[in-house]
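To keep things clear, I will list the structure first and then write my remarks on it.
The values are calculated or read from the model by the stated rules, or taken from the named source; none is laboratory data. Computed from a prediction, not measured in an experiment: that's the story for all the values here. FYI the Cβ positions are ideal-geometry reconstructions off the backbone, even for glycines, and counts take in every protein chain you see. For accessibility, only protein heavy atoms count, side chains too; no ligands or nucleic acids. Shrake-Rupley method; radii C 1.70, N 1.55, O 1.52, S 1.80 Å.
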Amino acid sequence: MGGYPPGISVVRSIRGRGWTLSTYRYTVLIVTFIAYTSYHASRKPSSIVKSVLHPESNSNFVSFRPWPVGNLFVKNELVVMSDDGDMVKKNMGWAPFDGKDGTWKLGVIDVAFLSCYAVGMYVAGHLGDTLDLRLFLTTGMIGSGTFVALFGMGYFFDVHVFWFYLGMQMLAGLFQATGWPSVVAVIGNWFGKRKRGLIMGIWNAHTSVGNIAGSLLAAGVLEYGWGWAFILPGAFIFMSGIIVYLFLPAYPEDVGFPRLNGPSSEFVSVPEDEEAQISGKLAEGNEVNGRNDSGNRKSVGLLEACSIPGVIPFALCLFFAKMVAYTFLYWLPFYLSQTAIGGQYMSVKTAGNLSTLFDVGGIFGGVLAGYISDKLKARATTAASFMYAAIPSILLYRKYGSTSRAVNILLMMIVGLFVNGPYALITTAVSADLGTHSSLKGNSRALATVTAIIDGTGSLGAALGPLLTGFLSSNGWDAVFLMLIIGAFAAGLLLSHLVLIELREKLNKRLDGRHKIRTGPASSPLLNDQG
């Protein structure tokens, strides 16, 4: 377990000296960003191809370059001329998803993936705190890439068996469960609590970047066959897994630094010029002893992790927050393809391209929520406020989103900001805070377990939202949006107790501060005489 990753060892041997703490931190941020970008990119194709697999959307294979290279909006026509002047026939769907129960089967595919993802998360969290995170994450990424690509191979092998696609999604979901607990644990190992919300808010842009990348990759190759929409993202996560194996230092102590969340956490403020010297000495000591300190830490159990104050409320809040977020993730392109915007229907590709703007808003939401929570030092209050603000934004998007293209884009980005903001905050900064809670007495082996409990519970909601949407959408989209509003309200309501605690603490601090100001001057005889 542990030790220098092979790629870093090669770079160190070429340079002839070790890296500073700052260099390792930048490396960790970049590698984990790439890793989870690829995770989300590999989840996006299923939402892009829904309108291709199910024919009722009247979608066509339109030949044009994807946004931002080509046009964002292309009208959905019944017959479209290709580049060589040939007529492109109307999409007839793909068995077994081309029947009247097509939307139901597509919903089952989504819920199967997310259910396996959620259940696997609890197991993956404990394994992540027990095994080497770098190897564990690499295995999950390579496995995910394999099964995502195999789903797409069903197109080339002309597979029309529902159970094949269901099985591929279930296996992909199990391997995908390795990702989030691992990357959050790695970040938590390397960064203290100071400005954690802002740092993780910026870093968490990988979620939206991955969704955008997956949408563009899938939409860009649809005209060559929907199978490519899965194979390319599958190859992306597979190659990213190789990068993780070569360049990700999972624990500071594995590369010569003391544990940053333990008793030596004050080490994070050491100047860079001293870091290199200290790092070299610590690395020599570790190599002489022939052991890695990361292998000596014990993990905590699920029950012990659940007893940490705040874990259960945030986990339940995330259940509803992810129900809302993943409904948009999996069904927004399909909704856009069936909704007239400015009096025109869009093609499948255009709907996929347009849906990426929801995630653009989500990037700003994650950064803003992290920054505000750092400033206020109130994670629960920030998350609840964003969820309540999401309610009117969802209502406005449903009512006025079809007015024009500009209005649709603006409202979609606002919804993405308020929906993804608390989702990003809870799954990153909050999970890392609770995973290094004072009750653990410096045992950082709880990071992956706590993250898995919170995000695993959230993923159950992520499975429920798309499944309910598959049923509700057949009777109209108003019912779907009502479900989203109820989910957002429930997410905010579940944090009420924590919000009251935060507000009470701030009120007490303010009253104490005023009391000191009033009593301080009165204790001075000089000021009393002057008064």
Some residue of the range 175-196 being in contact with a Cys (Cβ under 8 Å, 6 or more places away or on another chain) and open to solvent by less than 40 Å² (accessible area, probe 1.4 Å): yes
Top-ranked residue in the range 329-344 [being within 19 Å of Gly362 (Cα to Cα) and of a type outside the set (Phe, Trp, Tyr); ranked as surrounded by the most Cβ atoms within 10 Å (Cβ to Cβ)]: Pro333
Single residue of the range 488-530 satisfying the filter (at pLDDT below 65 and not in a helix (DSSP H, G or I)) that is farthest from Pro392 (Cα to Cα): Ser524
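Just to check your reading of the model, which residue among Ile426, Ile414, Ile454 is open to solvent by 30 Å² or more (accessible area, probe 1.4 Å) and either at pLDDT 90 or above or under 30 Å from Asp254 (Cβ atoms) (or both)?
Numbers: Ile426 fails: open to solvent by 30 Å² or more (accessible area, probe 1.4 Å); Ile454 fails: open to solvent by 30 Å² or more (accessible area, probe 1.4 Å).
Result of the check over Ile426, Ile414, Ile454: Ile414.
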Gly93 being open to solvent by 10 Å² or more (accessible area, probe 1.4 Å), under 24 Å from Ser347 (Cβ atoms) and touching a Lys or Arg at 6+ places or on another chain (Cβ under 9 Å): no
Residue count, the range 377-411 (criterion: more than 24 Å from Ala490 (Cβ to Cβ) and open to solvent by less than 10 Å² (accessible area, probe 1.4 Å)): 1
Helices (runs of 4 or more DSSP H) contained in the range 146-253 and holding at least 3 residues touching a His at 6+ places or on another chain (Cβ under 7 Å): 205-220
Residue check for Phe238: within 23 Å of Thr428 (Cβ to Cβ), modelled with pLDDT of 90 or more and surrounded by fewer than 24 Cβ atoms within 10 Å (Cβ to Cβ): no
Number of the exception - Ser347 against (1) more than 21 Å from Gly470 (Cα to Cα); (2) among the polar types (S, T, N, Q); (3) in contact with a Lys or Arg (Cβ under 8 Å, 6 or more places away or on another chain): (1)
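Does Thr138 satisfy the criteria of being in a helix (DSSP H, G or I), open to solvent by 40 Å² or more (accessible area, probe 1.4 Å) and modelled with pLDDT of 85 or more?
Numbers: in a helix (DSSP H, G or I): yes; open to solvent by 40 Å² or more (accessible area, probe 1.4 Å): no; modelled with pLDDT of 85 or more: yes.
Against the criterion (in a helix (DSSP H, G or I), open to solvent by 40 Å² or more (accessible area, probe 1.4 Å) and modelled with pLDDT of 85 or more), Thr138 does not qualify.
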Residue ID - farthest from Gly107 (Cα to Cα), chosen from residues in the range 457-487 that are at pLDDT below 85 and under 17 Å from the mean Cα position of the chain (by Cα): Ser459
Contacts under 6 angstrom Cβ, first residue in the range 390-411 being touching a residue at least 12 places away in the same chain (Cβ under 8 Å), partner assigned to a helix (DSSP H, G or I) and open to solvent by 50 Å² or more (accessible area, probe 1.4 Å), 6 or more apart: Ala390/Phe418; Ser393/Ile414; Ser393/Phe418; Leu411/Leu396
Scan of the range 162-173 for residues that are free of Cβ contacts under 8 Å to residues at least 24 places away in the same chain and surrounded by fewer than 20 Cβ atoms within 10 Å (Cβ to Cβ), ordered by number: Trp163, Phe164, Gly167
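Residues in the range 101-122: is at least one of a type in the set (D, E, K, R), crowded, with 24+ Cβ neighbours inside 10 Å, in contact (Cβ under 8 Å) with a residue 60 or more places away in the chain and farther than 30 Å from Ala250 by Cα?
Initial filter on the range 101-122 (of a type in the set (D, E, K, R)): 101, 105, 110.
In the following step, the residues that additionally are crowded, with 24+ Cβ neighbours inside 10 Å were identified as 110.
Subsequent filtering for residues that are in contact (Cβ under 8 Å) with a residue 60 or more places away in the chain retains 110.
Cutting the leftovers down to farther than 30 Å from Ala250 by Cα gives us 110.
The answer is yes, given that some residue of the range 101-122 is of a type in the set (D, E, K, R), crowded, with 24+ Cβ neighbours inside 10 Å, in contact (Cβ under 8 Å) with a residue 60 or more places away in the chain and farther than 30 Å from Ala250 by Cα.
Here is a yes/no grid of residues against (1) farther than 19 Å from Asp455 by Cβ; (2) free of Cβ contacts under 8 Å to residues at least 24 places away in the same chain; (3) acidic (Asp, Glu):
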{"site": "Phe175", "(1), (2), (3)": "no, no, no"}
{"site": "Pro181", "(1), (2), (3)": "no, no, no"}
{"site": "Ile187", "(1), (2), (3)": "no, no, no"}
{"site": "Ile199", "(1), (2), (3)": "no, no, no"}
{"site": "Leu217", "(1), (2), (3)": "yes, no, no"}
{"site": "Tyr224", "(1), (2), (3)": "yes, yes, no"}
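If you take the residues in the range 197-218 that are more than 14 Å from the chain's Cα centre (by Cα), over 30 Å from Phe151 (Cα atoms) and surrounded by fewer than 24 Cβ atoms within 10 Å (Cβ to Cβ), which one is modelled with the lowest pLDDT?
Taking the range 197-218 and keeping what is more than 14 Å from the chain's Cα centre (by Cα), we get 197-199, 215-218.
Still in the running and over 30 Å from Phe151 (Cα atoms): 197-199.
Checking the rest, the ones that are also surrounded by fewer than 24 Cβ atoms within 10 Å (Cβ to Cβ) come to 198-199.
Numbers: Leu198: 76, Ile199: 80.
My answer is Leu198.
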Qualifying residue in the range 346-358 (condition: under 23 Å from the mean Cα position of the chain (by Cα), outside any loop (DSSP other than H, G, I, E, B), modelled with pLDDT of 90 or more and buried (at least 24 other Cβ atoms within 10 Å of the Cβ)): yes
